[in-house]
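Asks: The structure that follows is given in the form of structure tokens.
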Amino acid sequence: MSDTPTFVKVILETGPDGRARWREESIALSEGKPQARLSPLMPSGGMQLRESPVGFRSEFHCTGDPQWVFILQGAMEIGLQDGSSRVFRAGQHFFSADTLPAGAAFDPKLHGHWSRQLGNEPLKTLFVRG
């Protein structure tokens, strides 16, 4: 068993059946010092900040470009086609990579996820392209 600490990457991805699903993988924090462990440097393609007002809810959609989503304030619920949902609160994250399968036409009864703001404060998020 390794003594290297890890960071759990929560991933929203498209499965072989074209439906969004969750999975997790560990990223080794193999760099830095014992007092501040770091992952290897990862490339990114820019970042955006977003504020979603109280009551925001999207329709089903796919992620255009894979990206990290970090919740800075409030709470965000992500719902899948199977009826399940997962809530992320300030300080939590996920990697959104449920892109439309190659050659497929978007079908809102099959593909993607929806998102919504929860609670009585606006949702503030940071998106970092992967």
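The values are calculated or read from the model by the stated rules, or taken from the named source; none is laboratory data. Keep in mind it's a predicted model, so treat the numbers as computed, not measured. Reconstructed Cβ throughout: ideal geometry from the backbone, glycine too, with neighbour counts over all protein chains shown.
Asks: If you go through the stretch 65-100 one residue at a time, how many are assigned to a loop (DSSP other than H, G, I, E, B) and crowded, with 17+ Cβ neighbours inside 10 Å? First the steps, then the outcome.
Replies: Keep residues of the stretch 65-100 that are assigned to a loop (DSSP other than H, G, I, E, B), which gives 65-66, 74, 81-84, 90-92, 98-100.
Still in the list and also crowded, with 17+ Cβ neighbours inside 10 Å: 74, 81, 98-100.
So the count comes out to 5.
Asks: Sticking with this structure for a sec: Taking the stretch 101-130, which residues are part of a loop (DSSP other than H, G, I, E, B), in contact with a Gly (Cβ under 8 Å, 6 or more places away or on another chain) and either under 22 Å from Pro53 (Cβ atoms) or of a type in the set (A, V, I, L, M) (or both)?
Replies: Scanning the stretch 101-130 gives Ala104, Leu110, Gly119, Glu121, Pro122.
Asks: Hey, Pro34 hits all of (1) at pLDDT below 95; (2) closer than 13 Å to Val128 by Cα but one; which does it fall short on?
Replies: Going through the list (1) at pLDDT below 95; (2) closer than 13 Å to Val128 by Cα, Pro34 breaks only (2).
Asks: Next question. Looking only at the stretch 13-29, filter to residues that are small (Gly, Ala, Ser) and not in a strand (DSSP E or B); which one of those is surrounded by the fewest Cβ atoms within 10 Å (Cβ to Cβ)?
Replies: The initial filter retains those residues of the stretch 13-29 that are small (Gly, Ala, Ser), namely 15, 18, 20, 26, 28.
Still in the running and not in a strand (DSSP E or B): 15, 18.
Details: Gly15: 12, Gly18: 16.
Applying the filter and picking the extreme gives Gly15.
Asks: So, one more: Among the residues in the stretch 75-94, are any without any contact (Cβ under 8 Å) to a residue 40 or more places away in the chain and within 14 Å of Thr14 (Cβ to Cβ)?
Replies: no
Asks: Okay, moving on. Determine the pairs where a residue that is in contact (Cβ under 8 Å) with a residue 60 or more places away in the chain, located within the stretch 9-21, has a partner that is hydroxyl-bearing (Ser, Thr, Tyr) with Cβ atoms under 7 Å apart, the partner being 6 or more residues away or on another chain.
Replies: That search, which allows pairs on different chains as well, returns Leu12/Ser96; Thr14/Thr99; Ala20/Thr14.
Asks: State all residues of the stretch 30-57 that are surrounded by 10 or more Cβ atoms within 10 Å (Cβ to Cβ), of a type in the set (Gly, Ala, Ser) and either over 20 Å from Val8 (Cβ atoms) or in contact (Cβ under 8 Å) with a residue 40 or more places away in the chain (or both); if no residue qualifies, say none.
Replies: Once the filter is applied, which keeps residues that are surrounded by 10 or more Cβ atoms within 10 Å (Cβ to Cβ), of a type in the set (Gly, Ala, Ser) and either over 20 Å from Val8 (Cβ atoms) or in contact (Cβ under 8 Å) with a residue 40 or more places away in the chain (or both), the stretch 30-57 yields Ser44, Gly45, Ser52.
Asks: So which residues in the stretch 49-64 are assigned to a loop (DSSP other than H, G, I, E, B) and either touching a helix residue (DSSP H, G or I) at 6+ places or on another chain (Cβ under 6 Å) or hydrophobic (A, V, I, L, M, F, W, C) (or both)? Explain how you work it out, then say what you get.
Replies: Step one: list which residues in the stretch 49-64 are assigned to a loop (DSSP other than H, G, I, E, B), which gives 53-56, 58-60, 62-64.
Selection gives Val54, Phe56, Phe60, Cys62.
Asks: Evaluate the following for Leu118: is it surrounded by 12 or more Cβ atoms within 10 Å (Cβ to Cβ) and more than 15 Å from the chain's Cα centre (by Cα)? Break it down into steps so the answer makes sense when it comes.
Replies: On the way: surrounded by 12 or more Cβ atoms within 10 Å (Cβ to Cβ): yes; more than 15 Å from the chain's Cα centre (by Cα): yes.
So Leu118 passes the test.
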